[in-house]
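What follows is one structure encoded as structure tokens, with my remarks underneath.
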Amino acid sequence: MSLLLGEIHSDWREVIADGIQKKNLPVYLSSPNTSHEDSDDCGERRTQFSVS
């Protein structure tokens, strides 16, 4: 397993994934959220509840 952390503005993760796939290597890749829209909104969607 390889965790791909780093900047999210280029396609370096896809380049690595394509190389692994072309070589048919037994590697599992994981990475954080790389969507600006999703990460920008992560604090906006909160569940509201009241305690009585």
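Tabulated values for the structure
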| item | result |
| --- | --- |
| Count of residues meeting criterion [in a loop (DSSP other than H, G, I, E, B) and without any contact (Cβ under 8 Å) to a residue 24 or more places away in the chain] in the stretch 11-29 | 5 |
| For Asn24: the one exception among (1) modelled with pLDDT of 80 or more; (2) of a type outside the set (Val, Ile, Thr); (3) at negative phi | (3) |
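The values are calculated or read from the model by the stated rules, or taken from the named source; none is laboratory data. Not measured: the values here are computed from a predicted model. All Cβ positions, glycine included, derive from the backbone under ideal geometry; neighbour counts span all protein chains shown.
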